[in-house]
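Structure first, then comments.
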Amino acid sequence: MIDRRSLVLAAALLALSPGTQAVAQGEAPVIAAASDLSFAVEEIAARFNAETGMEVRLSLGSTGNFARQIREGAPFQMFMAADEQFILDLHRDGFTRDEGTLYGIGRIVITVPNGSALVADGSLQTLRAALADGRITRFAIANPDHAPYGKRAEEALRHAGLWDALQPHLVLGENVSQAAQFALSGNAEGGVIAYSLALAPALAAQGSHDLIPAEWHSPLRQRMVLLNGAGPVAEAFHAYIQTPTARAIMERYGFTLPQG
C-alpha cells in the first residue's frame, strides 16, 4: 500500500520546477521549532537537504515565545510546537492553514551532571533527600511561563511535593535546551529536561538521566503546522517529517510517535 504521506511529499517535490527549486533554496524558509527538537530536527533537516536538494533554516526556542512572535508577524513558514494547544489557539485566531498534525509525544527526565551529589532517580526520592540534607544549591528547569517542558517539570515537581522546597534553588532556562545546559554545566546539581535532549550523544556524555513517570504531568503532545503564506519548500519539509526516515529519527530521540 502506498503511504499517503509519501504521496504528499512527492506532490510537493513535483511542484518545484528546477527554476522554482533554486529560488526556494535561496529563500530557505524559516521553521520555528521547539528547542526539545534541537538535535532531532537538525538531523532531519540535514537528511531532507541531502535527499531533496532543498534547504530550510531552523529557529530553535521556546514554544510560547514562538507563538507570541507569530502573532506579531514573525516570518516563519512552519511551526513545530512542544505543546499542541499553542497551535490550536493560533489556528482558532487565523494564523495557520489548519489545526496541524501531531508528530510526537515527549517525555521529561531528571538529569544530573557527572560528579553531582545528586543521583538521577525518576521517582525524585533522591532529590527529596538531597533537599532535606541541604545538598541542592541550583536546580534547572525551563521557564514554566512560556516553555511547555518547564510547565511539565513544574507539574511533576508539584506532584512529588517538591515544588515549594525547590523555589530558592531554581535556575530557569529561557527554553528547555538552555535548561539542559544549566543542568549539565557542573554549576547545578541537576534539572528536569526533555528526554530527547538527554538522549543526544553530546549531552548524554555529560551526565545521567532517568524518566519521570508520564502520569505525573500533562501529556507533551507535540504538533506542527504550516503557517499562512508557507511556500512549497516548507510544505515539502512538513510532509518529510511524516516519512519513515524522519519518524525513525524522532523515535531514536525518545518520542512516542502517532500511529496512522
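No value in this document is a laboratory result; all are computed from the given coordinates. Every value quoted in this text rests on a predicted model; they were computed, and no experiment measured them. Backbone-built Cβ (ideal geometry, glycine too); neighbour counts: all protein chains shown.
Taking each DSSP H run with n ≥ 4 as -39500 (n - 2.57) and averaging over every residue of the chain yields -12000 deg cm²/dmol at 222 nm.
Near Arg57: Cβ cut-off under 12 Å, other residues only, Lys/Arg at +1 and Asp/Glu at -1. The net charge is -3. What the Cα convex hull of the range 108-211 gives, in volume per residue, is 77 Å³. Per-residue Cβ neighbour counts within 10 Å put Thr111, Thr245, Thr52 in the sequence Thr245, Thr52, Thr111, beginning with the fewest.
Against the main long axis of the alpha-carbon atoms of the chain, helix 4-14 sits at an angle near 60°. Over all other residues within a Cβ to Cβ distance under 9 Å of Glu84, the charged ones net out to 0, with Lys and Arg as +1 and Asp and Glu as -1. The string of couplings for the range 53-58 from the Karplus curve (6.51, -1.76, 1.60, θ = phi - 60°) is x, 9, 10, 10, 9, 9 Hz, one whole number per residue in order, with x for Gly and Pro. Annotation: amide H-H contacts under 5 Å for Leu170 (H modelled 1.01 Å from N, sequence separation of 5 or more, or interchain): Phe139.
Amide H contacts under 5 Å for His217: none, restricted to partners 5 or more places along the chain or on a different chain, H placed in the peptide plane at 1.01 Å from N.
Computed from backbone phi with θ = phi - 60° and the Karplus coefficients 6.51, -1.76 and 1.60, the 3J(HN,Hα) list for the range 120-134 is 6, 9, x, 6, 6, 5, 6, 5, 4, 5, 5, 5, 5, 8, x Hz; x is used for glycine and proline. Just need the relative contact order of the chain here, percent rounded to a whole number, with Cα pairs under 8 Å and 6+ apart. Normalised by residue count, the contact order of the chain is 30 percent. Counting other Cβ atoms within 10 Å as a rough exposure proxy, the listed residues Ser177, Ser116 run Ser116, Ser177 from fewest neighbours to most. Amide H contacts under 5 Å for Thr256: Ile105, restricted to partners 5 or more places along the chain or on a different chain, H placed in the peptide plane at 1.01 Å from N. (i) 0.98; (ii) 1.02; (iii) 0.95: which one is Rg/Rh (Cα atoms, Kirkwood Rh) as calculated from this entry? Label of the calculated value: (ii). What the phi angles of the range 68-77 give under the Karplus curve with 6.51, -1.76 and 1.60, with θ = phi - 60°, is a coupling list of 5, 5, 4, 5, 8, x, 4, x, 7, 10 Hz, glycine and proline written as x. The calculated FRET efficiency for the pair Asp145 and Thr245, based on their C-beta separation and a Förster distance of 22 Å, comes to about 0.05. On full extension, the segment bounded by Ala74 and Asp98 gains 6.8 nm, given 0.36 nm per residue less the C-alpha separation. Taken as Cα centroids, the range 106-165 and the range 175-220 sit 10 Å apart, rounded to the nearest whole angstrom. Kindly express, to the nearest 10 degrees and within the range 0 to 90, the angle between helix 148-159's C-alpha long axis and the longest C-alpha principal axis of the chain. Between the helix axis and the principal axis of the chain, the angle is about 30 degrees.
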